[in-house]
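> I'd like to ask some things about the structure below.
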Amino acid sequence: MPARPDDSPQIVPYLYYEDATRALDFLVDAFGFEVKSAFRDDDGNVLTAQLRTGDGLVMVGPGMDGFGTRGVQDQDWATTRMFVYVDDVDSHYERARAGGARIVSEPAMHFSDNKIYIAADSGDQQWIFAEPTSLEEKESAEDEEEPA
């Protein structure tokens with residue numbers, strides 16, 4: 001049995017979009033992903049692609065009736081969210097906002113000891129971007145939230 005590629009995690013999310021070509025461009029431009037591979041039809045439309053961020057990998061493709069898949073149908077509801085660690089959540093947020101991401105929630109401390117924000121991409125898939133924080137940072141943020 002052939003082994004998976006050495007640089008591939010064991011679990012890889014596969015996200016479906018109404019326009020996978022637009023989604024690939026958006027994920028690169030607004031969220032800073034890098035294209036590992038992209039297979040396109042004769043018109044240049046993405047059929048399947050692998051995108052990297054750090055040591056993470058995600059696959060994207062178009063919804064296809066033959067596979068029983070489709071893009072997000074209702075932008076107000078998420079059936080999944082991708083959770084991605086970043087080095088600087090505030091600068092990542094600014095890049096995403098400038099790139100046209102729909103911001104679902106602004107950067108804020110989370111009970112999980114992460115500072116997070118949630119953004120939707122061009123196909124309304126939702127992403128949680130998180131920066132781990134220290135206990136001191138969490139306590140400082142809590143102090144700022146308490147009324148004087």
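The values are calculated or read from the model by the stated rules, or taken from the named source; none is laboratory data. If you're wondering where the values come from, they're calculated on a predicted model, not measured in any experiment. No Cβ is skipped: glycine too gets one built from the backbone with ideal geometry, and neighbour counts run over all protein chains shown.
> Residue pairs, Cβ under 9 Å, 6 or more apart or interchain, first in the stretch 6-35 and under 17 Å from Val84 (Cβ atoms) and free of Cβ contacts under 8 Å to residues at least 40 places away in the same chain, second β-branched (Val, Ile, Thr) and outside any helix (DSSP H, G or I). List them.
Close Cβ pairs (under 9 Å, with a partner that is β-branched (Val, Ile, Thr) and outside any helix (DSSP H, G or I)) amount to Leu24/Val35; Leu24/Val46; Leu24/Val60; Val28/Val35; Phe33/Thr53; Phe33/Val58; Glu34/Thr53.
> In the stretch 54-73, which residue that is closer than 24 Å to Ser8 by Cα and of a type in the set (A, V, I, L, M, F, W, C) is surrounded by the fewest Cβ atoms within 10 Å (Cβ to Cβ)?
Among them, the one singled out is Phe67.
> When Asp76 is evaluated against the numbered criteria (1) surrounded by 16 or more Cβ atoms within 10 Å (Cβ to Cβ); (2) within 25 Å of Asn114 (Cα to Cα), which criterion, by number, is the only one it fails?
Of everything listed in (1) surrounded by 16 or more Cβ atoms within 10 Å (Cβ to Cβ); (2) within 25 Å of Asn114 (Cα to Cα), Asp76 misses just condition (1).
> How about the stretch 23-53: which of its residues are exposed (fewer than 12 other Cβ atoms within 10 Å of the Cβ) and either over 19 Å from Asp7 (Cβ atoms) or under 14 Å from the mean Cα position of the chain (by Cα) (or both)?
Passing the criteria: Glu34, Asp41, Asp42, Asp43, Gly44.
> I'm checking my understanding of the structure. Among residues of the stretch 115-136 that are more than 16 Å from the chain's Cα centre (by Cα) and not in a loop (DSSP other than H, G, I, E, B), which one is modelled with the lowest pLDDT?
The selected residue is Leu135.
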